[in-house]
Amino acid sequence: MAVKINENYLMLKKNYIFSEINHRVNNFREENPETNIILMGIGDVTGPLPKAVIDKFEEAVKEMAQPETFRGYGPEQGYDFLINKIISNDYIPRGIELSEDEVFISDGAKCDTGNIQEIFGLYNKVAVTDPVYPVYVDSNVMAGRCGPMGKDGRYQGIVYLPCTEENKFVPDLPKTHVDMIYLCFPNNPTGTALTKEQLKKWIDYAHDNKSIILYDGAYEAYIREDNIPHSIYEIKGAREVAIEFRSFSKTAGFTGTRCAYTVVPMETVGYDTQSEAHSLNKLWNRRQTTKFNGVSYPVQVAAQAVYSLEGQREIKESINYYMNNAAIIRESLRNIGLRTYGGVNSPYIWIKTPDKMNSWEFFDVLLSRAHVVGTPGIGFGPSGEGYFRITAFNTQENTIKAMTRISDLSI
Ligand code: MLT
């Protein structure tokens, strides 16, 4: 007898995409120590936290140093002061009413989108857009919901919804019944957004099929165009069929500070084998109270400061800064004849690789000849092959430098 492993892990790709990129970049650095590499791979903010946030963060840390104001465990679901700010700033102005116990504060949308599958049955059919943020797929593989990977790079148990140039990166509804649907809009990695009408079709599908939509809105703050919903609950009927994930990471520079939230409306339900409905809100609450002890008090105070007048002004400024980079990237790459998508309502620019190069070949060309790192589209799924993602998260100086280097390659 010996300890056994969870063999589902053996079905995963060897490395998580961003670890694989780091590995290759580090190898290149070792062999070429003098090179100045510009990182535009992982979507990680580069600017500091807003001053309004830092000021409150510091105050809260000091509170933790005094016996009168020290706090131990907080509510697992988050402090009311932050939940109320979220509801009154992110939802009420868009005509959406939420109760406090529908919002769960967490340490990241990555964790929540990875963990949410735990409250669902193992025999549910999962659908993902392809390409897709790898966490949705991998967390379901770990749970044993996806079966082995076929030769085409697709897990046999998952329904893939291709998003390509042909359908303008707008996924078609599944042709067969699916139970759990992961949608991320504005999309990571393609940078495209869905209109209200396009999203409404998914809500209707979910109603007709008694499915659940797991809606990742981490890039909502980057939306620029009208008629692009900022929350799935702007669309009638969504409360019954959608869970929404939001994050302070890309909105307010919290990638290293960690704070996010998930909305699980009271109306959302899943069914047991006797077809009896159960509240998903209750199940998620049960999961979180068991496995999670909440986000630290200073971090929640810091997140609350995002909603102050000054905080709002500062985050708008930094988002505009990144979106200006996105425009520089789009224009520079178009000027050298590359086909680019996204970057209008999102910090990601999705590029069709030139000369039918595959994604990793293009990665190698950019790394070795321009010393610029992006993310190979294949890392997000089979339909990402032949595409490449560049992020707008960098300084303007580096963005211009990277674009000049790529333009000089004459590809
Ligand atoms: C990405 O680059 O796709 C994201 O930044 C990764 C993440 O948010 O976890």
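The values are calculated or read from the model by the stated rules, or taken from the named source; none is laboratory data. Please read all numbers here as calculations on a predicted model, not as lab measurements. Heads up, the Cβs are rebuilt from the backbone with ideal geometry, glycines too, and the neighbour counts pull from every protein chain shown. Calculation scope for accessible area: heavy atoms of the full protein, side chains included, ligands and nucleic acids excluded. Shrake-Rupley method; radii C 1.70, N 1.55, O 1.52, S 1.80 Å.
Quick look at the values:
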| item | result |
| --- | --- |
| Probe 1.4 Å, accessible area per residue of region 55-194, Å² | 44 Å² |
| Per-peptide average of other Cβ atoms within 10 Å, ordering 326-334, 11-19 highest first | 326-334, 11-19 |
| Over region 25-94, equivalent-ellipsoid semi-axes from the Cα gyration tensor in Å | 38, 21, 13 |
| Region 176-335: translational diffusion in µm²/s, Stokes-Einstein, Kirkwood Rh over Cα pairs, 20 °C, 1.002 mPa s | 122 µm²/s |
| Nearest-0.05 FRET efficiency for Glu225 and Ser308, computed from C-beta distance (R0 30 Å) | 0.65 |
| Gap separating the Cα centres of region 326-365 and region 90-125, nearest whole Å | 32 Å |
| Ranked packing of 338-346, 42-50, most packed first, by mean Cβ within 10 Å | 338-346, 42-50 |
| Prolate/oblate/rounded call for region 1-159, Cα gyration tensor, a/c under 1.5 rounded | oblate |
| Gyration tensor (alpha-carbon) shape descriptor, region 104-153, a/c threshold 1.5 | oblate |
| Dipole of region 1-137 [Lys/Arg +1, Asp/Glu -1 at C-beta], most positive-end residue of Val61, Ile17, Gly95 | Ile17 |
| Qualifying trypsin sites (Lys or Arg not before Pro) in region 113-165, DSSP loop, other Cβ atoms within 10 Å at most 11 | Lys151 |
| Selection of GluC sites (Glu not before Pro), region 2-99, meeting DSSP coil and at most 15 other Cβ within 10 Å | Glu34, Glu68, Glu97 |
| Sulfur and carbon atoms: percent of accessible area, region 108-210 [1.4 Å] | 53 percent |
| Chain lengthening between Ser19 and Lys4 when straightened (0.36 nm per residue, less Cα-Cα) | 2.8 nm |
| Built amide H within the under 5 Å cut-off of Thr129, gap 5+ | Leu161, Tyr182 |
| Kirkwood-based Rg to Rh ratio, the chain, C-alpha trace | 0.96 |
| For region 228-297: span of alpha carbons on each principal axis (Å, largest first) | 44, 36, 16 |
| Inter-probe distance in nm under a simple model that places probes 7 Å from Cα toward Cβ, at Arg287 and Asn324 | 4.1 nm |
| Kirkwood hydrodynamic radius (C-alpha pairs) into Stokes-Einstein, region 301-411, 10 °C and 1.306 mPa s, D in µm²/s | 107 µm²/s |
| Solvent-accessible area per residue for region 263-411 (1.4 angstrom probe, square angstrom) | 42 Å² |
| Among beta bridges that DSSP assigns inside the chain, antiparallel share in %, nearest 5 | 55 percent |
| Computed E for Ala277/Ile400 - FRET, C-beta separation, R0 45 angstrom, nearest 0.05 | 0.25 |
| Between region 128-150 and region 202-269, the Cα center-to-center distance that results, in Å | 20 Å |
| Thr195-Glu331 pseudo-label distance in nm [points 7 Å out on the Cα-to-Cβ vector] | 2.7 nm |
